[in-house]
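Participant: I'd like to ask you about the structure that follows.
Derivation of every value follows stated rules applied to the coordinates shown; laboratory data play no part. Not measured: the values here are computed from a predicted model. Every residue, glycine among them, receives a Cβ derived from its backbone with ideal geometry; neighbour counts consider all protein chains shown.
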Amino acid sequence: MSRHPVIVRITHWLNAVAMICLIMSGWLIYDASPLFGFSFPRWATLGGWLGGAIAWHFAAMWLLVVNGGIYLLWGAVTGHFARRLFPIRAGDVWRDFRDALHLRLVHDDGYNSVQRLFYVGTIGLGVLAFASGLSLWKPVQLHALTAAFGGYETARRVHFAAMSGIVLFLLVHLALVAIVPQTLLAITYGRAAAKR
Amino acid sequence: MNRLQASGDRSIELLKVQRRLLLRSGLSLGALTMLTGCDLTDGDAVDRVLWTMSRWNDRVQAWLFDPTRLAPTYPASAITDPFPFNAFYPEDSAPEVDGATWKLELSGLVDHKSPWTLAQLRALPQQSQITRHICIEGWSAIGQWSGVPFRSFLERIGADTRARYVGFKCADRYYSSIDMATALHPQTILALDFRDSPLPDKFGFPVKLRVPTKLGFKNPKYIMSIFVTNSNPGGWWEDQGYNWFSGS
């Protein structure tokens, strides 16, 4: 049987709120000085103006860090990650990826290898977004971290790339939820995922 | 009612600025409400949370601040050319201060309050730095500033260096303030020169505070007066919602 433990359900939704706030306010901060040849549309941003966006960004940052920290600590200590997200083998990923393309998507007890890779990769992107964000916030106090990202200007691009990866994950994640809507009940109420 | 949530010596300012941020952040509140499904119609409560978090971030940054940690320095070849102008008005509106009649006024918790002329400041020992200026907008640029180490200036005027804040008032109606720990940092200087010549009008003639451990907007230009105080003087941007400490 596969039920989402209550701590997973709570941290999942708090993380969703934090991430959406961080992404939308981050887009408005980006717009103040665009790195590339485009800006994000105002309707997709949060904060109203640069000062508001930064206030949102640095408030949501704490929610992400505290909530994400609890989730990562819990997942590592209880063996949840070891059981549910690992191992990830290249051969399995390739097999499950082909199955998914042929609509032979198995959604039973555990996560398939593609899902595991996807979730672990996204957690990694979250950690990268956090570390690069920290290096932009404190390029003097934490200048070793900023230097590790190749300096302030490169760290901006790393932070942007991590955000892009997370948004990409979100799009696929939401598309799959639309295909298998029972997952939305499972992550909210903890009911067993429907078997096929 | 906001007064209850506001703490310390800034309650009056907070009262004013909470309303300002409310008006501005309210614009995209609808977007968040739709996405999260939360009913965040009470913009006042949201603003209070944002201000509380900003004050919390002030405290965390003051704690993170290492008074001996130096901002990275760069070779002259790394200097950004042309160095950008930035203010809350266009470059052609930058004030033109007359250096011959200008005097730096001092007030607050300072023993010697006689005003300083430009020549007197130039007669003091000078220090030069090539550091990265980071704007709250995200961009950065490397520049070279020279002038009087602010710590030695504060000691010379008999400032109470146990006080909490140093405030600045500028010729362009701009104002700002920094914490005493940052004011005493070895790289905080009263800059008189940019590269090898006196500050041009656009970069803050006659005096600009150069603080490489803070964001650009905490580096006031066209300084007319300096004061030492225990009540937070806020700032032009800070009172509208920019994080007050804004340390790098």
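Participant: Can you tell me the FRET efficiency between A:Ala148 and B:Glu91 if r is taken as the Cβ-Cβ distance and R0 is 56 Å, rounded to the nearest 0.05?
Facilitator: According to the calculation, E is roughly 0.95.
Participant: Have a look at the DSSP beta bridges in segment B:118-184 and tell me what percent are antiparallel, nearest 5.
Facilitator: Within segment B:118-184, antiparallel bridges account for around 100 percent of the total.
Participant: Roughly speaking, what is the centre-to-centre gap between segment B:137-152 and segment A:71-99 when only Cα atoms are used, to the nearest Å?
Facilitator: Taking the Cα centre of each part, segment B:137-152 and segment A:71-99 sit 49 Å apart.
Participant: Something else about it: Order of B:183-196, B:83-96 by packing, highest average Cβ count within 10 Å first?
Facilitator: B:183-196, B:83-96
Participant: Need the C-alpha centroid separation for segment A:29-70 versus segment A:144-160, integer Å.
Facilitator: Segment A:29-70 and segment A:144-160 have Cα centres spaced 18 Å from each other.
Participant: Could you calculate the FRET efficiency of B:Asp160 with B:Ala45 from 1/(1 + (r/R0)^6), where r is the beta carbon distance between them and R0 is 60 Å, rounded to 0.05?
Facilitator: 0.95
Participant: Counting only residues 5 or more places away or on other chains, whose amide H sits under 5 Å from the amide H of B:Met224 once H atoms are built in the peptide plane?
Facilitator: When sequence neighbours closer than 5 places are left aside, the close amide H contacts are B:Lys169, B:Cys170, B:Ala171.
Participant: For peptide A:133-143, how many partner chain Cβ atoms fall within 10 Å of a residue's Cβ, on average?
Facilitator: Per residue, the number of nearby Cβ atoms from other chains is 5 on average.
Participant: What FRET efficiency comes out for the pair B:Asp81/A:Leu185, r = Cβ-Cβ distance, R0 = 35 Å, nearest 0.05?
Facilitator: 0.05
Participant: Same structure again: Would you please name the trypsin sites (Lys or Arg not before Pro) within segment A:91-189 that are DSSP coil residues with at most 15 other C-beta atoms within 10 Å of their C-beta?
Facilitator: The qualifying sites are A:Arg104.
Participant: Moving on. Within 10 Å, count the other beta carbons around each residue, average over each peptide in A:133-141, B:148-156, B:73-81, A:74-82, and list them highest first.
Facilitator: Answer by packing, highest mean first, reads A:133-141, B:148-156, A:74-82, B:73-81.
Participant: Sticking with this structure for a sec: Place a point 7 Å from Cα of B:Lys113 in the direction of its Cβ. Which residues in segment B:142-157 have their backbone N less than 15 Å from it?
Facilitator: B:157
Participant: Using a basic spin-label model with each label point 7 Å from the Cα along Cα→Cβ, how many nm lie between B:Arg122 and B:Ser231?
Facilitator: 3.9 nm
Participant: Among the listed pairs B:Lys113/B:Lys214; B:Lys113/B:Lys208; B:Lys113/B:Lys202; B:Lys113/B:Lys169; A:Lys138/B:Lys103, give every one whose C-alpha distance is greater than 25 Å.
Facilitator: B:Lys113/B:Lys214; B:Lys113/B:Lys202; A:Lys138/B:Lys103
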